[in-house]
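The structure follows.
No value in this document is a laboratory result; all are computed from the given coordinates. Quick caveat: nothing in here was measured; it's all calculated off a predicted structure. Every residue, glycine as well, gets a Cβ built from its backbone with ideal geometry; the counts of neighbours run over all protein chains shown.
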Amino acid sequence: MIRIIKLYCLLSIGSIAAEDNPNSNLSEHLVGFYSYLGNTYEGNFINSTKKNPMIDILSFERALNGSAVKMIHSVNDGEFGGETIIMWDSQKNSLRSWYFTSAGSLTLQDVEVNGEKFISVEDVSNNQNGITKVKTIIELSHGNKLQKRTKYLMDNLWMEGNDMIYEQVTGKSPKFD
């Protein structure tokens with residue numbers, strides 16, 4: 001009888017811990033995103049000024065019962081923004097992301113996770129500007145900061161794009177008009 005009570009207590013504690021941590025049931029393919037989940041970050045674009053602010057709010061959450069990670073971002077409280085769903089694509093045998101924007105566009109990207117850094121690569125070869133791929137690198141640094149860098153592939157050379165540093169924030173979230 002005592003063993004049954006002990007077992008019941010252990011099972012109860014385990015289920016309470018799982019309920020307290022919504023990230024505990026995350027697909028094995030997404031465990032590299034664990035440190036991002038439940039966090040929100042705020043960053044200023046390089047051309048942001050007090051007179052004309054350009055502020056991006058970016059949040060990460062577990063989605064679809066742990067089979068996906070959702071990133072939501074909005075610039076200037078909804079002037080522009082989007083949602084990204086990252087999940088395992090069994091046909092490609094890799095992580096993929098689908099980015100839906102408030103402007104009505106959709107982009108598909110290949111995603112790779114390496115430690116607390118993830119890289120997405122989008123094929124944009126159908127445009128007229130000579131850029132064939134866009135690479136976005138997002139990396140956690142110093143615990144409460146996030147760095148987001150963009151690179152462009154032109155003539156088989158990766159060219160530097162923009163680079164933003166985000167600070168972790170509380171009490172804020174991406175918004176849309």
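Quick check: the angle from helix 2-20's long axis to the longest principal axis of the chain, C-alpha only, nearest 10 degrees?
Here the helix axis deviates by roughly 20 degrees.
Hey, fewest Cβ within 10 Å first, where do HIS73, HIS142 land in order?
Ordered by Cβ neighbours within 10 Å, fewest first: HIS142, HIS73.
Pairs of Cα atoms under 8 Å, at least six residues apart: use those to get the relative contact order of the chain, whole percent.
The normalised contact order for the chain reaches 18 percent.
How far apart, in nm, are the 7 Å Cα→Cβ label points at LYS145 and ASN25?
Each label point lies 7 Å from its Cα, and together they span 3.7 nm.
Continuing with the same structure: What does the C-alpha gyration tensor say about the overall shape of the range 60-144? Classify as rounded when a/c is under 1.5, otherwise prolate if a/b is larger than b/c, or oblate.
rounded
Can you show me the helix-derived [θ] at 222 nm for the chain, built from DSSP H runs with n ≥ 4 at -39,500 (n - 2.57) apiece and divided by the number of residues, rounded to the nearest 500.
My calculation for the chain gives -3500 deg cm²/dmol from helical runs alone.
Could you tell me the calculated FRET efficiency between LYS175 and ASN126, based on Cβ-Cβ distance and R0 = 25 angstrom, to the nearest 0.05?
0.20
Based on the Cα coordinates of the chain, what is the per residue volume of their convex hull in Å³?
Expressed per residue, the convex hull around the Cα atoms of the chain is 167 Å³.
Kindly count the pairs of lysines across the range 25-169 whose alpha carbons are less than 17 Å apart, treating pairs on different chains or eight or more residues apart as eligible.
10
A follow-up question, please. If the elastic network links every pair of Cα atoms under 10 Å, which of ASN39, ASN127, ASN114 fluctuates the most in the Gaussian network model of the chain?
In this elastic network of the chain, the residue with the biggest mean-square fluctuation among ASN39, ASN127, ASN114 is ASN127.
Tell me, ASP177, ASP77, ASP56 in order of fewest to most beta-carbon neighbours within 10 Å?
Fewest-to-most ranking of ASP177, ASP77, ASP56: ASP177, ASP77, ASP56.
Please identify which residues in the range 160-175 have an amide N closer than 13 Å to a label point set 7 Å out from the Cα of PHE80, following the Cα→Cβ vector.
Backbone N within reach: 162.
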